[in-house]
Structures are given as C-alpha cells and as structure tokens.
Amino acid sequence: MRRLLLTLQHAVAAPTRNLRLAVVVGRLLALAFLVCFGTGLYSHFLQEPLPWMRFPTQPVQLYQVTQGIHITAGIACFPLILAKLYTVFPKLFETPVITGVGSVLERASIAVFVGASLVEITIGLLNTYQFYPWPFGFREVHFALSFVIIGSLAIHIGVKLPIIRQYWRMIGSFTPM
C-alpha cells in the first residue's frame, strides 16, 4: 500500500505544486471566504436584525454594493478552491496518512472545509438563478454552513500556521510538495 501511495504521489508531482503557491492561493481563498462571511452576516442581520441592532438607511445602494461584493467573492471561490486543491493534491498520498493529533485535525478540517465550501458556493450560485432543487431552506443552510466553513478554516490555518508563516512573504521560493 505504501509503495502504491508513493507511486501516486510521484505521478502527480509537478513544479506548479509547491508550498509557496499553496500559501498564496490559500490566502486569496481565505480572503474571499472572509469577505463572503462579512457581507453575508451584514445581509443576514439586515433581513433578521436582533432587537438591539440598528443599521444605516443611507446610502440606499449600500445593500446592493455589499451583495455584489458577496456574490463576486463567492464566485471567485470556485477557481480559487480548485486551484488550491490542484496545488495540494499530492499531499493526499503522503504516508503515513495519520501521524498524530495534528494530522487528524488537519485532515478533518480540510475534509469539512472542502465539503462545506463546495456545497456553500454551489447553492449560493444556484440561488443567484433562483433555482432551488433541494428540500431545505436556502437562507438557513447557507447561513449555518458559513460558520462551519469559517470554523474549519480557522482550525486549518491554526494547524498549518508554521508553514504559512514560513512561506507568507517568500519571493521565488518554490519548494516542491
């Protein structure tokens, strides 16, 4: 089994799959999700404000602008998450698969993040077309998934912080995965 995983890892290795690129794409993806989260919270609390919340009513186009930013950042998540998955794909074939609590947290947070993200951005895109082929309420699920995504993203960043810190500002560093 180990030999098969090493063969697969070598087969998918490419110069474009490196830690620096993973960090660069990752921070763009995190930024897109944070923008979506912030603008989504704004939209949610405009529609269902808590009793103590007061929102400005001027300029009248503010909601349109925030929703435009929300949708644009959400659509940008599609190519960004695919680029990130392409970049880190060889890591799926690392052996041993589990090396401790950190690797369990890492793999679990990634599985939750990727799954929830793909569902979130897909139903968000279908919502722009007002197409609802699922049996659940869009707003409730979209809102709940946003917290799952941000939570799993925070865990992933926490686990990967040493690598992120190392490659955050490096220029021209292309260490293969």
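The values are calculated or read from the model by the stated rules, or taken from the named source; none is laboratory data. Everything numeric in this text was worked out from a predicted model, so none of it was measured. When we count neighbours, we look across all protein chains shown, and the Cβ atoms used for this are built from the backbone with ideal geometry, even at glycine.
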Of all residues in segment 142-164, how many are touching a Gly at 6+ places or on another chain (Cβ under 6 Å) and under 14 Å from L31 (Cβ atoms)?
0
So the check is Cβ under 9 Å with 6+ separation or different chains; which pairs have a first residue in segment 26-40 that's closer than 16 Å to S152 by Cβ and a second one that's at pLDDT 95 or above and not in a helix (DSSP H, G or I)?
none
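Out of curiosity, is L46 more than 30 Å from L8 (Cβ to Cβ), more than 14 Å from the chain's Cα centre (by Cα), part of a helix (DSSP H, G or I) and modelled with pLDDT under 95? Full working, then the answer.
Working: more than 30 Å from L8 (Cβ to Cβ): yes; more than 14 Å from the chain's Cα centre (by Cα): yes; part of a helix (DSSP H, G or I): yes; modelled with pLDDT under 95: yes.
Taking the combined requirement at face value, the residue satisfies it.
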